[in-house]
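Report on one structure; see the data block that follows.
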Amino acid sequence: LSLLVRRVYTIERIKPLLVKAEQKFKELKLTNIVTKFADGNLGWKEQVAFDRIIFTAATKKISKDFFNQISDSGIIIAPIIEGSKQILKKFTKKNNEIIVEKLTNVLFVPNLNGVKY
């Protein structure tokens, strides 16, 4: 993603994974990636508004706080748990309304709360 956009913000809840990722970014000379060790379920309010947000873990629902963190015409892509399935959905914000589009069935790791050292 960092080769396609001006800046990437990423949140990791597992400290060793974050450290490893930061080392890899440095090794690859990717200087436009900003990292944060935190619970990704809270988003990154200090950096709003985002044009795009990508969830990389399956969740039952997206909190309204996340829709407040994207700009008008912003998009959130997320695997949403529905029963025993995970469905990748696209949420587009237009004039403070959210338009939902189902994309495809997927299989992601589950979204967890908190951080892990």
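The values are calculated or read from the model by the stated rules, or taken from the named source; none is laboratory data. Note that this is a predicted model, so its numbers are computed, not measured. Cβ placement follows ideal geometry from the backbone for every residue including glycine, while neighbour counts extend to all protein chains displayed. We work out accessible area using only protein heavy atoms, side chains counted, and drop any ligands, DNA or RNA first. Shrake-Rupley method; radii C 1.70, N 1.55, O 1.52, S 1.80 Å.
Lys and Arg at +1, Asp and Glu at -1: add these up for the other residues within a Cβ distance under 12 Å of residue 18 and post the number. Before the final figure, lay out the partial values.
On the way: positive: 13, 15, 20, 24, 36, 116; negative: 12, 22.
Cβ neighbours under 12 Å give a net charge of +4.
Per-residue HN-Hα couplings for the range 5-12, Karplus 6.51 cos²θ - 1.76 cosθ + 1.60 at θ = phi - 60°, whole Hz, x for Gly and Pro?
10, 5, 8, 10, 10, 9, 10, 10
State, as an integer percentage, the relative contact order of the chain based on alpha-carbon contacts under 8 Å between residues 6 or more apart. Intermediate values should be presented prior to the final figure.
Values: 206 pairs, mean separation 27.4, N = 117.
Relative contact order of the chain: 23 percent.
Per-residue HN-Hα couplings for the range 64-78, Karplus 6.51 cos²θ - 1.76 cosθ + 1.60 at θ = phi - 60°, whole Hz, x for Gly and Pro?
Calculated HN-Hα couplings, in order: 4, 4, 5, 5, 6, 8, 10, 6, 5, 6, x, 10, 10, 10, 8 Hz.
Report, to two decimal places, the Cα Rg of the chain normalised by 2.2 N^0.38 Å (N = number of residues).
1.09
Tabulate in residue order the Karplus-calculated ³J(HN,Hα) for the range 94-111, using 6.51 cos²θ - 1.76 cosθ + 1.60 with θ = phi - 60°, rounded to whole Hz; enter x for Gly and Pro.
Once rounded to whole Hz, the list reads 10, 6, 6, 10, 10, 9, 10, 10, 7, 9, 6, 6, 9, 9, 10, 5, x, 6.
Would you pull out the residues with amide H under 5 Å of residue 9's amide H, same chain only if 5 or more places away, H placed 1.01 Å from N?
Hits under the 5 Å cutoff: 34.
Roll a 1.4 Å probe over the protein chains and send me the accessible area per residue for the chain in Å². Walk me through the numbers before you get to the answer.
Values: 8220 Å² over 117 residues.
That works out to 70 Å² for each residue.
Take the alpha carbon atoms of the range 59-90, find their center, do the same for the range 23-39, and report the distance between the two centers in whole angstrom.
24 Å
Let me have the 222 nm mean residue ellipticity of the chain computed from DSSP H runs of 4+ only, each contributing -39500 (n - 2.57), with the sum over all residues rounded to the nearest 500. Write down the numbers at each step before the final one.
Details: 2 runs with 17 residues, N = 117.
When only DSSP H runs of four or more count, the value is -4000 deg cm²/dmol.
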